[in-house]
Amino acid sequence: MAGMFMAAPFKASADAAPGDVIVTLGENLTEEQKTAVLEEMGVDANVQTVTVSNKEEHEYLGDYMSKAQIGTKAISSAKITIAEEGKGLSVKTNNINHVTEEMYMNALTTAGVKDAEIFVTAPFAVSGTAALTGILKAYETTAQIEIPEEQKQVANEEMVKTSELGQRIGAEKASELVTKVKEEVSQNPSMSEEELKTLIQKTAKDLGIELTDEELNGLTSLFNRMKDLNIDWDQVQTQLKDIKDNVGEILNSEETKSFLQKLLDFFIAIIEAIKNLFK
């Protein structure tokens, strides 16, 4: 079945013009929580919405996460604002503790989504893995397109694997690894499975990441599935620039720099204290 699907990049149609907004809501939000989420998004109760059920979450995530991890309630929600063509993809999150903005962007790029501002939130802290299901469903509803099931599955698998890896090595490192590998694959989508494994190993080594055999095999399998999709790799390369810029902004943000400076000052103070002991 792989290789038979055409990527479905999002295009604003007569039904979805730049500036249009659609909201996806978790089915198990209480009425009070729905009201609070809509207020946080800055939209009124008449906004176009789609609902995501826990059953749908299990359908798309069941092959990559345990039932316990997915849970029994659909909570995370998202606001999607259609952007001008060429604007690129941006993602912001709140109360999402496992899936980072870059992870969403990477997965959405795989699914063929582009030119949109997305805000993912929940009334309390959740993993955020279920939100992708709603975002893709909202795009299909608004744009009147159908994203191939295999492409949705690969996007969900990518998000889950990156999130799980991020919990062990750090979210930024995991996103950087996946982004760099995807960039190489976009330039040479015909590489063999063995070449993919070698590429992942080399990229991980360059980033100072030591992958377990399970992680290496899982990523190799993921990218092997991904390259067999008939994806518009030129578009993927364009989207990857947005993701790399986003990672760069985090690393160069004043908050990050302030933290690193405080950490450096702390170690300098310790060294000075030790030197004073020997004076």
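Derivation of every value follows stated rules applied to the coordinates shown; laboratory data play no part. Quick caveat: nothing in here was measured; it's all calculated off a predicted structure. Cβ: placed from backbone, ideal geometry, glycine included. Neighbour counts: every protein chain shown.
Under the rule a/c < 1.5 gives rounded, and otherwise a/b versus b/c splits prolate from oblate, where does segment 7-120 land using the Cα gyration tensor?
oblate
Quick check: pseudo-label points 7 Å beyond the Cα along Cα→Cβ at Lys92 and Asp44, how many nm apart are they?
2.2
Note down the relative contact order for segment 164-214 as a percent, whole number, built from C-alpha pairs under 8 angstrom at least six residues apart.
Dividing the mean separation by the residue count of segment 164-214 yields 34 percent.
Find out how many positive minus negative residues lie around Glu27, taking Lys and Arg as positive, Asp and Glu as negative, among other residues whose Cβ is under 12 Å from that of Glu27.
Numbers: positive: Lys34, Lys55, Lys73, Lys137; negative: Glu56, Glu57.
Local net charge: +2.
Hey, with R₀ at 22 Å, roughly what FRET efficiency would Ala68 and Glu214 work out to, going by the Cβ-Cβ distance, to 0.05? Before the final figure, lay out the partial values.
On the way: r = 19 Å, r/R0 = 0.87.
The calculated FRET efficiency here is 0.70.
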